[in-house]
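Please find one structure pasted underneath; my questions will follow.
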Amino acid sequence: MNGSEPLLTYEQSRHLDQRTMELGWTSTQLMGQAALSSLYRLQKLPAFSHIIILCGPGNNGGDGLALAWQILSSAGQKNWGADSSLTVVQTARATSEASSFYERLLAKPSEANLIELVTVEEFLHSIRDAKGLPWIEKFTNGDRQTSKPPEPIESRQRDPDLQRNQSRDGMIEDQTIRDSGLLIVEALLGSGQNRPLEGSFAELGRWISEEQSKGAYLLSLDVPAGLLESERFTETALFDPDEVHTYGPHRLACALDDRLLEHTSIYTHPIGFSPDMDSPFRLVRRDANRLTCFQREGNSHKYSNGSGWLMGGSTGMEGAMLLSARSFFSSGGGILQGITGSQMGIVREEPSIMIKERLSLDSRVGAITMGPGCSKEDCIEFLEALSEQYSPSKKAPSLILDAAAAVEAVQNPKWKKLLGRKTILTPHPGEWAAMGGAAITDVDSLRLAMEFARDSAGSFVLYKASTSILMDPFEDRAYLFPWINRSLAVAGTGDCLTGILMSALCRSDDMITSVMAAMELLHASTETSIHPRSSRFPSLIQRALGKRQRRFQSKDPLERRNDGKRFGGLH
C-alpha cells in the first residue's frame, strides 16, 4: 500500500497473536519461532562470556525462556554460546501454558550444567551484596567459568529495519559493539506493559543501566520495558537497548520515539503471523525508486514538467521563498509564477520566478504553494485572492499551505473552502501547536492528532519533525517516516521540502505518493554532504537525481521498464 507496511499498537499486536492461533498455530510454536529468529540474529555477533536473560511472568518472559532453550540447544552442538555461562532470572513463575512449556524444559536436569535458574529475589540480593561483574560467578558452575579475559567484540555490519546509523548511500554503517563479555537479554514486560517500571522491575532496570555503563550489551525482546504508549520514553526509560527484536510487524511506539531511533537498532522478525495485518498506522521505508517521479521525459517542455504558483516572501523573509523556488526547479519543475509581499525586490533577482502582481490561474497549473517566508498579513491577502479564484474539484490544482498560511487557514473558518482532499498542510511542531494540535510524542498523542486533522484541519497534514508523519484524515491513516537525519536540523529545510513537494504534485495528484517521493528526495539529497546549509540543498537535490538518472540509464531497456513500474513500492 503506497510503499508502506503496518505498524502495530500493543493491542493490535495481541489481536494478531489471537488471529494467528485461530489459523492453527499455538502460542508455544510462535514463542519457539520468535526465540529461534533472535538466536539467528545473535549468531551474527561474536559469542559472549556471560549471558543473563531477565524473564517476566507473561508471554514476553516466555520469549526469554524460549531463547534460553534455543541458546542451550545451539551450545549443545558446540555452536554459538557453547563457551558462555547462561543465567535465567525469573520475576515470577510462568503464567501461560506456552511459557510454562519452556520453563519446564529449562528446569530439567542437564548433565552439561550449562544453565542456572534463579529467582529475582536471589538475583537482586546478589547484586546488592556484590559490586561489578564478579557476582556472575555465583550462578556459574565452577568448571564453566572463563579463566581468560573476554575477547573484544569486533565491529560488524548491521542491517536493522529501523536504525540510526546510515551512510551517505543509505547503507548501514559499521558500528562497534561495546564489550564487557556480558549480554543481557531483557524480556520483562513487552507489549503487555501499561505503567512505568516499579518495584523489582525498576531495580532491574537500574542494574541494566549500570552494567551498560560498564560495557554490557543489551537486547530487549518485543519492546523495551518502560516504553509506554501514553508517555515519552525519555520520561519512563531506565535504559537504552542496543538492540530490540520485534516479532511480526514493527511496533508503533518504537517508530515514534526519537530516543530509540537514535540509540537502538530495531529488528523485526517475521515468524509466521497471519497475513491479515492491516493497521491505520503505516511505516514508510526508504526506496530510491520513488525518485522516478522527478525524471523528465525526452520530449518534455516547461508545462509538462510542472507549472506552479508560489506565494510568500514577505519583507525580511524572502530567503524562504527563494529556497522553495530553487528546490522546485532543482527537482525538475518546469515553470513557476509567484506573488511576493517583499518590498525589497530580492525575490525579483531570481529570473526563474515569473513575479506577478496578481494571481491568475489556468488549467495548466498543477500546484499552488502559499506560506514560505510569509507574514500573517500577507497570508490573509493571499488567501483572499486565492479563495476568489480557487474552486475545489477533482481537476483543481493541489494546494500546499505552509507555515503561517496553514495556521491561518485552519484557525479562520473563512478559508474553509480551501481545505479538503486537494490540500496539504505542512506544519512543524510549533506551527502545529499554533493551529491547535497537540505535540505528537507517543501513540496516544498521535491518535489525538489524527482526530484534529480530521475534525479541524480537514486536509492532509505533513507533520515535520525528526520522525515526520503524514496524516490522511479521509482514510484515517498515518504514515510515519522514522528517518532520523541530523542534516535536516537547519533553518530552511522545510522550505526546500515544500518546493520538492510542489514539483511532485505538479506531476501527480496522488497526495500520498507525492509526499513519499518528496521525502525520499529530500533525504537522498543530504546523503552526499555533512550538515549542509539549506542554501546548498538545491544543488544537492540535483546531485541526488543525477546519481539516480545515471543508474537508470546504465540498465538495459527491459530493466528500465520494470524499474519504472516498481515506483511507490517496497522491494
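The values are calculated or read from the model by the stated rules, or taken from the named source; none is laboratory data. The structure presented is a predicted model; accordingly, all values stated were derived computationally and were not measured. Here the Cβ positions follow ideal geometry from the backbone for every residue, glycine too, while neighbour counts run over all protein chains shown.
Got at least one residue in region 481-488 being β-branched (Val, Ile, Thr) and either without any contact (Cβ under 8 Å) to a residue 12 or more places away in the chain or under 14 Å from Leu323 (Cβ atoms) (or both)?
No, because not a single residue in region 481-488 is β-branched (Val, Ile, Thr) and either without any contact (Cβ under 8 Å) to a residue 12 or more places away in the chain or under 14 Å from Leu323 (Cβ atoms) (or both).
Going by what's in this entry, would Leu399 be described as modelled with pLDDT of 95 or more and over 33 Å from the mean Cα position of the chain (by Cα)?
no
Residues Ser38, Ser74: which one is more than 22 Å from Ser126 (Cβ to Cβ) and surrounded by 24 or more Cβ atoms within 10 Å (Cβ to Cβ)?
Ser38 is the lone residue from the list that is more than 22 Å from Ser126 (Cβ to Cβ) and surrounded by 24 or more Cβ atoms within 10 Å (Cβ to Cβ).
From the list Glu451, Glu527, Glu475, pick out the single residue that is touching a Lys or Arg at 6+ places or on another chain (Cβ under 9 Å) and either surrounded by fewer than 22 Cβ atoms within 10 Å (Cβ to Cβ) or assigned by TED's automatic domain parsing to the domain that holds Thr292 (or both).
Glu527
Out of region 437-448, which residues are in a helix (DSSP H, G or I) and surrounded by fewer than 19 Cβ atoms within 10 Å (Cβ to Cβ)?
Asp444, Ser445, Arg447, Leu448
Of all residues in region 474-513, count the ones that are of a type in the set (S, T, N, Q), in a loop (DSSP other than H, G, I, E, B) and within 18 Å of Ser307 (Cα to Cα).
Total satisfying the criteria: 1.
Checking Ala112 against (1) at pLDDT 90 or above; (2) closer than 21 Å to Phe48 by Cα; (3) among the hydrophobic types (A, V, I, L, M, F, W, C); (4) part of a loop (DSSP other than H, G, I, E, B): exactly one of these is not met. Which one?
(1)
Being farther than 16 Å from Val185 by Cα and in contact with an Asp or Glu (Cβ under 9 Å, 6 or more places away or on another chain) is the filter here; which residues of region 72-98 pass it?
Passing the criteria: Ala75, Arg93, Ala94.
Name the helices (runs of 4 or more DSSP H) wholly within region 374-436 that hold at least 1 residues that are of a type in the set (Phe, Trp, Tyr) and in the same structural domain as Thr315 (by TED's automatic domain parsing)?
Counting at least 1 such residues, we get 376-389, 429-435.
Specify which of the listed residues (Ile380, Ile355) is more than 19 Å from Ala504 (Cα to Cα), touching a strand residue (DSSP E or B) at 6+ places or on another chain (Cβ under 8 Å) and either free of Cβ contacts under 8 Å to residues at least 24 places away in the same chain or among the β-branched types (Val, Ile, Thr) (or both).
Every option except Ile355 fails the conditions.
Hey, can you tell me all the residues within region 39-62 that are closer than 14 Å to Thr91 by Cβ and assigned to a helix (DSSP H, G or I)?
Residues satisfying the conditions are Asn59, Asn60, Gly61, Gly62.
For region 437-481, enumerate the residues that are farther than 23 Å from Glu262 by Cβ and in contact with a Ser or Thr (Cβ under 6 Å, 6 or more places away or on another chain).
Ser459
Which of the residues that make up region 84-102 are closer than 24 Å to Glu122 by Cα and either assigned to a loop (DSSP other than H, G, I, E, B) or among the charged types (D, E, K, R) (or both)?
Ser84, Thr91, Ala92, Arg93, Ala94, Thr95, Ser96
Residues that are modelled with pLDDT of 50 or more and within 24 Å of Leu114 (Cα to Cα): which strands (runs of 3 or more DSSP E) entirely in region 137-248 hold 2 or more of them?
Filter on region 137-248 gives 182-187, 217-221.
Separate question: Pick out the one residue from Gly332, Gly306, Gly313 that is out of contact with any Cys (no Cβ under 8 Å at 6 or more places or on another chain) and on the phi > 0 side of the Ramachandran plot.
Gly332
Determine which member of the set Tyr303, Tyr267 is part of a strand (DSSP E or B) and among the hydroxyl-bearing types (Ser, Thr, Tyr).
When all the criteria are applied, what remains is Tyr267.
Go through region 217-242 and count every residue that is crowded, with 23+ Cβ neighbours inside 10 Å and of a type in the set (Asp, Glu).
1
Can you say whether Leu65 is part of a strand (DSSP E or B), in contact with an Asp or Glu (Cβ under 8 Å, 6 or more places away or on another chain) and touching a residue at least 40 places away in the same chain (Cβ under 8 Å), as far as the supplied structure shows?
Against the criterion (part of a strand (DSSP E or B), in contact with an Asp or Glu (Cβ under 8 Å, 6 or more places away or on another chain) and touching a residue at least 40 places away in the same chain (Cβ under 8 Å)), Leu65 does not qualify.
Among (1) farther than 20 Å from Ser324 by Cα; (2) in contact with a helix residue (DSSP H, G or I) (Cβ under 7 Å, 6 or more places away or on another chain); (3) surrounded by fewer than 24 Cβ atoms within 10 Å (Cβ to Cβ); (4) not acidic (Asp, Glu), which single condition is Val407 missing?
(1)
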